[in-house]
Structures are given as structure tokens and as C-alpha cells.
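Colleague: This structure is in C-alpha cells; I'll ask about it shortly.
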Number of protein chains: 2
Amino acid sequence: MFVAMNRFQVRRGHEAEFEHVWKSRDSHLKEVPGFLTFHLLRGPEYEGYTLYTSYTQWRSREAFEAWTRSEAFRKAHANAGEHKHIYLDSPQFESFEVVQEIS
Amino acid sequence: MFVAMNRFQVRRGHEAEFEHVWKSRDSHLKEVPGFLTFHLLRGPEYEGYTLYTSYTQWRSREAFEAWTRSEAFRKAHANAGEHKHIYLDSPQFESFEVVQEIS
């Protein structure tokens, strides 16, 4: 199993706007082959920003990479540039392999 | 829903040892009230270390905090000091509230 995470530094005072952008977007993720679950997470408040993290589980790295090359991905990210003022810095992308699971 | 994450900087060459410590530990997490799921994630390789992240979902922040005060928590972390040479730096703890979920 594969996990893609993005860490977002959202400027203080723009948290509601950031959450609205995500909640109002029709990502069609559920229909993407290999997609498992997505969480948007609100984290700690640091100097000047609130940390948010997106956490997406995929059946495999290959499924994730196929999605990044798809039309669905392009559409979901088409308007990303409109909201640049929300962020203190660029998102930080990190990917992971699941080595242990307890549930 | 609440998520607790820890980021670990594991010295290069100690990855197998780090994973063994986690896999061989009897955490009894499944029996803890409010526990949902746990993932241990192997991430990118940086200069001098491999990033690992633990990702634990709880029904609420209160359930997580009750666990940190429990005997089960104390037992699970009793031997943490034995493995200090594995790490380049202290683990970085961050907690999150789930603001959106797709699954």
C-alpha cells in the first residue's frame, strides 16, 4: 500500500478559505482505480501559518502515478494557481510505503 | 476524528532495525478504547536519514490523550531509550483533526 502526503503552510486567517477550496472541489477520486481513502488534516499552528496535511492511500505506487497522468488529476488541479495568496510556501510532497498496519 | 503522527529520522543503514523494533512490539493498540487504525510508513531518503512516519487514527483527541496516560502506553514505550543510536534526531510529534474524508 502506498501513501501520498502533501504538507501545506496556510497563512493565519486563511484557514476557512483553504478548507472551502478543498471541500468544494469535485475530485472524482472515488472513481479512480486503486484509490482507497483521502483525509484532509488540520494540524498545529506555527509562527505565521497553520499546517495542513493531505493524506491519500492508494493500492500501489503505480495506481497513484497513473492518476497523476490522468485527465481527472489535471482537472482537479487546474485552478490551483488562483489561491496562491493562501500559502506561505510551496506545498511539500512526500510519498510513503506502508510497512506495518494495525486496524 | 483525530490523527497523531510522529516523524522519525532513521540513520541510513538502520532501517531494518527500526522496522524490526516496531513489528516486534506488542502494542495492544487494538484493545485501546477509541483506537481506529495505525500505519507505519517508510518515506523518502534524505541526506543521512530515511524519513519514517507513524500515522494513528483515533475516534477523538480525548481517546488519544487517555491512551497516553495509560499503562498500555507506558509499557509500549518502556524500552524506547534502548534504540537511540538508530535516530539522527528526536521524533517530531504532530496532531491533526480530520476536516474532510473521502473513502
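Colleague: With a 10 Å cut-off between alpha carbons and a GNM built on chain A, which of A:TYR55, A:TYR46, A:TYR87 moves the most?
Modeller: Greatest mean-square fluctuation among the candidates belongs to A:TYR46.
Colleague: Among the GluC sites (Glu not before Pro) within segment A:41-103, which fall in a DSSP loop and have no more than 16 other Cβ atoms within 10 Å of their own Cβ?
Modeller: Working: sites: A:GLU45, A:GLU47, A:GLU62, A:GLU65, A:GLU71, A:GLU82, A:GLU94, A:GLU97, A:GLU101; in loops: A:GLU47.
Taking segment A:41-103 and a limit of 16 other Cβ atoms within 10 Å, the loop GluC sites (Glu not before Pro) found are A:GLU47.
Colleague: Continuing with this model, one more query. Using the number of other C-beta atoms within 10 angstrom as an exposure proxy, rank A:THR68, A:THR56 with the fewest first. Mind showing how you got there, number by number?
Modeller: On the way: A:THR68 11, A:THR56 21.
Listed from fewest to most nearby Cβ atoms, that is A:THR68, A:THR56.
Colleague: From the C-alpha gyration tensor of chain B, pull out the three semi-axes of the equivalent ellipsoid (sqrt of 5λ each), sorted largest to smallest, in whole Å. Show your work: numbers first, answer last.
Modeller: On the way: eigenvalues 117, 61, 25 Å².
Equivalent ellipsoid of chain B: 24, 17, 11 Å, largest first.
Colleague: With N set to the residue count of segment B:20-59, report its C-alpha Rg divided by 2.2 N^0.38 Å to two decimal places. Don't skip to the end; give the middle numbers.
Modeller: Details: Rg = 12.8 Å, N = 40, 2.2 N^0.38 = 8.9 Å.
In units of the 2.2 N^0.38 Å rule of thumb, it is 1.43.
Colleague: Placing a label point 7 Å from Cα toward Cβ, how far apart in nm is B:LYS84 from its equivalents in the other copies, listed shortest first to one decimal?
Modeller: For B:LYS84, the inter-copy label distances come out at 4.7 nm.
Colleague: What distance in nm separates the two pseudo spin-label positions at B:THR68 and A:ALA72, each 7 Å out from Cα along the beta-carbon direction?
Modeller: Here the modelled spin labels are 3.7 nm apart.
Colleague: I would also like to ask the following. Can you sort B:ARG74, A:ARG42 so the residue with the fewest Cβ neighbours within 10 Å comes first? If you can, show how the numbers build up before the last one.
Modeller: Working: B:ARG74 10, A:ARG42 20.
If I rank by nearby Cβ atoms, fewest first, I get B:ARG74, A:ARG42.
Colleague: Right, here's the next one. With each pseudo-label sitting 7 Å past Cα toward Cβ, what's the B:TRP22-A:ASP89 distance in nm, one decimal?
Modeller: 2.4
Colleague: Quote the charge dipole size of the protein assembly as shown about the Cα centre in Debye, to the nearest 20; the model charges only the Cβ of Lys and Arg (+1) and of Asp and Glu (-1).
Modeller: Values: 26 positive and 30 negative charges, 28 e Å.
Around 140 debye, computed over the protein assembly as shown.
Colleague: Based only on the alpha carbon positions, what is the Kirkwood hydrodynamic radius of the protein assembly as shown, in angstrom?
Modeller: Numbers: mean 1/r = 0.0546 Å⁻¹.
The Cα-based Kirkwood calculation yields 18.3 Å.
Colleague: Another one. So how far apart, in nm, are the two label points at B:GLN100 and B:ASN79 if each is 7 Å from Cα heading toward Cβ?
Modeller: 4.3
Colleague: Arrange A:PHE73, B:PHE96, A:PHE93 by Cβ neighbour counts within 10 Å, fewest through most, would you?
Modeller: Working: A:PHE73 17, B:PHE96 23, A:PHE93 11.
Ranked by crowding around the Cβ, least crowded first: A:PHE93, A:PHE73, B:PHE96.
Colleague: Using unit Cβ charges (K, R positive; D, E negative) and no other charged atoms, how large, in debye to the nearest 20, is the dipole of chain B about its Cα centre? Present the calculation step by step, with values, prior to reporting the outcome.
Modeller: Details: 13 positive and 15 negative charges, 42 e Å.
Result for chain B is approximately 200 debye, rounded to the nearest 20.
Colleague: Show log10 I(q)/I(0) for segment A:58-103 at q = 0.14 Å⁻¹, two decimals, from a solvent-free Debye sum over equal Cα scatterers.
Modeller: Here log10 of I(q) over I(0) equals -0.55.
Every read-out reported here was derived from the displayed coordinates using simple, explicitly stated rules and does not represent laboratory data. Keep in mind it's a predicted model, so treat the numbers as computed, not measured. Cβ atoms come from the backbone with ideal geometry, glycine included; neighbour counts cover every protein chain shown.
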